[in-house]
Structures are given as structure tokens and as C-alpha cells.
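Here is the structure we will look at.
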Amino acid sequence: SQQGEEDPQALSIQEGENATMNCSYKTSINNLQWYRQNSGRGLVHLILIRSNEREKHSGRLRVTLDTSKKSSSLLITASRAADTASYFCATDGYGGSQGNLIFGKGTKLSVKP
Amino acid sequence: SQTIHQWPATLVQPVGSPLSLECTVEGTSNPNLYWYRQAAGRGLQLLFYSVGIGQISSEVPQNLSASRPQDRQFILSSKKLLLSDSGFYLCAWSRLGGSTGELFFGEGSRLTVL
């Protein structure tokens, strides 16, 4: 079954605006990761936030984690057309011992120039 | 630096034909290896993972099988393809041991079964 569920499924914004994507999950986790996928390509790791962290930054990316609500958000500030892609959250729903991640269905972000 | 190669990039096969997708990793030893499938507009479904040569775990019952004949080689196979096997297949690796870390993905293989 799906562990992470992203929201919204699709998001369309203008260049320069901020984009916020949310992820909810069901079981306890060791960490939560966000990945990006350009159309027809493989996934690229963006950022990992551990269960004892509440917020993390990487360049124009800001990730928050609320373990009490079992949710995370990814904020992309000052978006660019090149940010157009699908974004997935992934959690180690099995406790992490096997290194297996469970991915959500993704948010498709379109940034219009 | 580590690299992951996956091929072929695209494949069109008739129903009932065999399948072989190959993935190799360079620049690291003893990686965890994974095969995921992504159906159109959906998330990734873990098919197989391997923590060592000859050690394969299957996540879902299916028409596919996986093998790891060498430390950095992972092969996805089928003896007879079904229409439902169509999809985008992604190989990935992660560092062995410890808590779940970053996955490094290949560029994917798009399979169309007709």
C-alpha cells in the first residue's frame, strides 16, 4: 500500500512564485526524502530529513517534517521554469533495516515562464 | 565517483516474448540494488531488492524475476511478457548498511508490451 501521499497531484505556477507540496504518511519513520523526476528520466535525490529534525534547507528548497501529524512539506522558493518536474516523497516504511523506500504518487509541478 | 547504467532505454516487445533489462553500478562495492516499476501517472512500486550476490527479495508476486550474478550487476527478467508488464522500469542503488539513505537511480527503461 502507498506510504506517502503527495498533495496536490498537480500544481501550476508562474516563474518567481513559491511552490509548496505536501506529503502525508502512515507509519513511523526514520527519515523522509524528497526526489525530483524530469519527464521520462530517473529520479534525483533532493533532500533527506530525519525523524528528529523539524526543518531543513538546501538552496531554494525548504523541507519541514511534523511527525505528530505524519506529514512533510517541500517548499521551492523563487521557482524557475527549470523546476518543472514531478516531485515525490519517500519514506522508509519498513523501519529502514532493509533500505527500502516507499514512494508516493508525486506532485507534477509546472512552472510557466 | 559512482555511476549507474541501465539498458535498454526503450523496448517494444510482443506479448509472450522474454525480457531482460540490465543494470550495472560503477565506483562502489557491495551496494543494495533495487528494481522499481512506475506506471503512467503513478508512484514507484518496489519490485525486487538485493543486499548481496544471489540474494533477491521480491516485494510483489508477479510475472518478473530478478538476478544478481555479480556484485554490481542486477538483471530483471521475464520468460513471457504480459500486457500489464508495460511501464517504466527504474534500477537504483544505495549504500549497504545503516538506516535508509539516499537512492541513486538509473535513467530508466521504458517497456511497451503489445
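If you scan region A:66-75, which residues turn out to be touching a Lys or Arg at 6+ places or on another chain (Cβ under 8 Å) and surrounded by 23 or more Cβ atoms within 10 Å (Cβ to Cβ)?
Of everything in region A:66-75, just one residue is touching a Lys or Arg at 6+ places or on another chain (Cβ under 8 Å) and surrounded by 23 or more Cβ atoms within 10 Å (Cβ to Cβ), namely A:Leu74.
Against the condition within 12 Å of chain B (Cβ to nearest Cβ) and assigned to a loop (DSSP other than H, G, I, E, B), how does A:Ile29 come out, does it pass?
yes
Please verify whether region B:18-41 includes one or more residues that are free of Cβ contacts under 8 Å to residues at least 40 places away in the same chain and under 30 Å from A:Tyr25 (Cα atoms).
yes
Pick from region A:78-90 the residues that are out of contact with any Cys (no Cβ under 8 Å at 6 or more places or on another chain) and surrounded by 15 or more Cβ atoms within 10 Å (Cβ to Cβ): which of them is farthest from A:Leu11 (Cα to Cα)?
For region A:78-90, the residue satisfying everything is A:Ala90.
Within region A:42-58, identify whether any single residue is at the interface with chain B (Cβ under 9 Å from one of its Cβ atoms), within 26 Å of B:Gln45 (Cβ to Cβ), out of contact with any Pro (no Cβ under 8 Å at 6 or more places or on another chain) and in contact (Cβ under 8 Å) with a residue 40 or more places away in the chain, and answer yes or no.
Our first condition is that a residue be at the interface with chain B (Cβ under 9 Å from one of its Cβ atoms); within region A:42-58, this holds for A:42-45, A:48, A:50.
Filter once more, keeping what is within 26 Å of B:Gln45 (Cβ to Cβ): A:42-45, A:48, A:50.
Imposing the further condition that a residue be out of contact with any Pro (no Cβ under 8 Å at 6 or more places or on another chain) reduces the set to A:42-45, A:48, A:50.
With the extra rule that they be in contact (Cβ under 8 Å) with a residue 40 or more places away in the chain, the set shrinks to A:43.
Within region A:42-58, one or more residues are at the interface with chain B (Cβ under 9 Å from one of its Cβ atoms), within 26 Å of B:Gln45 (Cβ to Cβ), out of contact with any Pro (no Cβ under 8 Å at 6 or more places or on another chain) and in contact (Cβ under 8 Å) with a residue 40 or more places away in the chain.
Filter region B:28-57 down to residues that are part of a loop (DSSP other than H, G, I, E, B) and crowded, with 18+ Cβ neighbours inside 10 Å and give me whichever is nearest to the other protein chains (Cβ to nearest Cβ). Reasoning before the result, please.
Let us first name the residues in region B:28-57 that are part of a loop (DSSP other than H, G, I, E, B), namely B:28-31, B:39-43, B:53-54.
If we keep only those that are crowded, with 18+ Cβ neighbours inside 10 Å too, we end up with B:31, B:43.
Details: B:Pro31: 10, B:Gly43: 4 Å.
By that ranking, first place goes to B:Gly43.
Could you give every pair whose Cβ atoms fall below 8 Å, whose first residue belongs to region B:76-97 and is in a loop (DSSP other than H, G, I, E, B), and whose second residue is of a type in the set (Phe, Trp, Tyr), counting only separations of at least 6 or pairs across chains?
Close Cβ pairs (under 8 Å, with a partner that is of a type in the set (Phe, Trp, Tyr)) do not exist here.
Could you list, in sequence order, the residues of region B:1-27 that are part of a loop (DSSP other than H, G, I, E, B) and touching a strand residue (DSSP E or B) at 6+ places or on another chain (Cβ under 7 Å)?
B:Gln2, B:Pro8, B:Ala9, B:Val15, B:Pro18, B:Gly27
Read the figures in this text as sums done on the coordinates, not as results from a lab. None of these values were measured; they are calculated from a predicted model. Cβ coordinates were reconstructed from backbone atoms using ideal geometry, including for glycine residues, and neighbour counts include every protein chain displayed.
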